[in-house]
Amino acid sequence: MEFCTTCGEQNSEEALFCTNCGKSLQNAQQKTSEKNEPKLSTQEIAPLQKMTNKQKWIYSISGSVLLVLIIVHFVLSSIYDPTKQISAMNEAYNNQDKEVFFQEFYVKEGTEANAKNFYAIVKDYGWTNLRDQLTNEVERIKKNENPDIIYNNGEFISANSKPILFGLYNKVEFTVIPTEVYIHAPFKNMTIKFGDKEVVSKSEGEKLNLGKYIPGEYAWSYSYEEGYMPLANKGNVILKAQSENIAEIDMDWNFQTVSVDSDLEDAIVYVNGKSTEKKVSELSELYPAQLNSKIEIYAQSQDKNGNAVKSEVLPLENDSIYLAFEHIRTEQKMAEHEDLIKNIYKNYRSDYASAIRYTNFDYIEEYFKEGSKIKKDYAKFVTDHDNIPGYNYDFLLNDITAFKTLSDKQFELQSFETFNYSSDKEGSTNYERKKKYVFSYENGEYFIDEIVDLDTKKTKF
């Protein structure tokens with residue numbers, strides 16, 4: 001039994017504290033132990049031994065290692081403290097240090113991502129709002145509760161506890177959840193680039209998986225070389241997380257239809273020197289097309305002699321193109337000249353009859369160039385009839401027998417003309433004449449340059 005030295009209460013020998021007053025019983029037990037222990041004689045007490053250098057070295061190293069372990073523990077605890085991680089995010093965001101800010105988050109391997117994109121999306125979302133949500137998720141993890149996923153249209157960021165050093169420490173990993181991006185390629189063998197990834201379509205209308213991307217702004221482009229003309233376009237798109245984190249990108253293909261027409265519908269259409277193997281009549285609408293001044297279009301055919309002829313070459317600047325053939329235009333223009341000159345000849349013969357009848361050159365004055373010899377000669381011929389007593393003309397026939405283009409400015413017309421002429425002095429005579437008229441075209445006007453008598457047959461009455 002053990003008695004308390006303070007209050008005298010009797011306690012069991014195993015008790016460390018008095019059951020009555022609560023004082024420690026260790027001193028009493030120690031004294032009891034000392035009483036019960038056999039005392040050694042002076043001869044039996046061993047002398048204290050001095051610590052060796054080796055022992056000193058071992059104790060020193062052990063102490064240093066223990067100190068280092070303690071320091072490392074505090075350092076790692078600080079490193080993996082999620083609260084400090086959020087503070088580092090906050091500092092980097094406020095300093096607009098996009099790279100450092102982005103490094104505080106985790107992105108799964110194979111995901112397209114960059115710091116600039118992520119910073120812009122967080123700014124749009126609201127960093128204060130996101131910071132508070134991240135802090136809440138950290139508190140849930142500390143309480144061993146399941147954290148929630150942060151949403152931004154779709155799943156945006158998740159917070160997860162990750163064991164470090166065999167579970168001695170736990171790091172909170174903030175994972176940016178990617179969106180899987182798809183696009184429908186309208187044609188086979190289209191090269192499509194989105195961000196840093198490039199894919200080629202294998203069939204028309206194929207749904208292409210472009211990969212996984214974190215939200216942000218991405219550059220896109222495409223090229224297509226197998227149509228009637230090379231097609232390409234590029235731009236930027238803001239990718240936001242969507243339901244189920246799947247997004248289908250709608251690129252601006254910029255396709256349009258170009259209507260094509262020509263003087264010759266059976267001419268073959270060429271684009272940038274490459275045959276479409278289609279006639280104008282078969283390719284009245286060119287699709288897919290893009291307006292581009294660097295793309296040139298023309299058509300090719302044959303003239304009446306079997307020679308290859310090419311239309312004018314036009315840049316693809318309008319959604320409607322007319323491919324004109326110069327030889328067709330020339331033929332049309334020549335035909336216009338021929339029709340006009342034949343009409344001029346008919347009018348001239350009618351006005352000539354009036355000028356002779358009334359001995360007035362004014363009727364035909366404008367058919368000749370000012371100051372020309374033929375104009376002077378015909379002015380004299382008309383007025384000289386004032387000196388012919390009893391003359392009369394009966395114009396019977398003015399037929400055009402031939403027409404020829406001498407140049408784009410000069411033309412020849414041949415005629416067969418008949419008339420009866422009579423005068424008091426010469427009596428009556430029938431005339432049959434083959435004549436040549438040479439017309440010129442200047443500044444939109446036609447003139448008679450020559451009138452040549454090729455053959456005349458006279459028959460007296």
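Rule-based calculations on the coordinates, nothing more; no lab input. Bear in mind that the values here come from a model prediction, so they are computed numbers and not experimental data. Every residue, glycine as well, gets a Cβ built from its backbone with ideal geometry; the counts of neighbours run over all protein chains shown.
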- Net charge over other residues, Cβ less than 11 angstrom from the Cβ of Val258 (K, R count +1; D, E count -1): -4
- Helix 373-383: angle to the longest alpha-carbon principal axis of the chain, degrees 0 to 90, nearest 10? 40
- Task: State which stretch of the chain is the longest one without any exposed trypsin sites (Lys or Arg not before Pro), exposure meaning a DSSP loop state and at most 12 other Cβ atoms within 10 Å.
- Result: 305-408
- Residue-normalised 222 nm signal for the chain, counting each DSSP H run of n ≥ 4 as -39,500 (n - 2.57), nearest 500 deg cm²/dmol, is -9000 deg cm²/dmol
- Task: Putting +1 on Lys and Arg Cβ atoms and -1 on Asp and Glu Cβ atoms, find which of Phe439, Asn129, Asn153 reaches farthest to the positive end of the dipole of the chain.
- Result: Asn129
- Listed candidates [x] 54; [y] 57; [z] 77 - label of the one calculated as percent of Cα pairs over 28 Å apart: [z]
- Query: Listing Ile141, Ile297 from the residue with the fewest other Cβ atoms within 10 Å to the one with the most, what is the order?
  - Reply: Ile141, Ile297
- Item | Theoretical gain in end-to-end length, Tyr441 to Asp319 [0.36 nm per residue, Cα-Cα removed] | 40.3 nm
- Note on the structure: For the stretch 200-285 the chymotrypsin sites (Phe, Trp or Tyr not before Pro) that pass both the DSSP coil test and the at-most-14 other-Cβ-within-10 Å test are none
- Around His184, which amide H atoms from residues at least 5 apart in sequence, or from another chain, sit under 5 Å from its own amide H, with H modelled in the peptide plane? Leu208
- Message: Can you give me the distance in nm between label points at Lys162 and Glu226, each placed 7 Å from the Cα along the Cα-to-Cβ direction?
- Response: 4.3
- Query: Taking the Cα centre of the chain as the origin, how large is its charge dipole in debye, to the nearest 20, when only Lys and Arg (+1) and Asp and Glu (-1) carry charge on their Cβ atoms?
  - Reply: 1780
- Item | Around Tyr441: net Lys/Arg minus Asp/Glu count, Cβ-Cβ under 9 Å | -2
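Taking 8 Å as the Cα distance limit and 6 or more residues as the minimum spacing, I'd like the relative contact order of the stretch 264-379 as a percentage.
Values: 127 pairs, mean separation 17.3, N = 116.
After rounding, I find 15 percent.
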- Query: For Asp386, Asp148, Asp351, what ranking results if the residue with the fewest other Cβ atoms within 10 Å of its Cβ goes first?
  - Reply: Asp386, Asp148, Asp351
- Fully extended contour minus Cα-Cα distance, from Thr383 to Lys193, at 0.36 nm per residue: 59.7 nm
- Item | Distance (nanometres) between label positions extended 7 Å along Cα→Cβ at Asn347 and Met334 | 2.4
- Calculate how steeply helix 127-142 sits against the longest principal axis of the alpha-carbon atoms of the chain, using the helix alpha-carbon long axis, and give the answer as 0 to 90 degrees to the nearest 10. 40
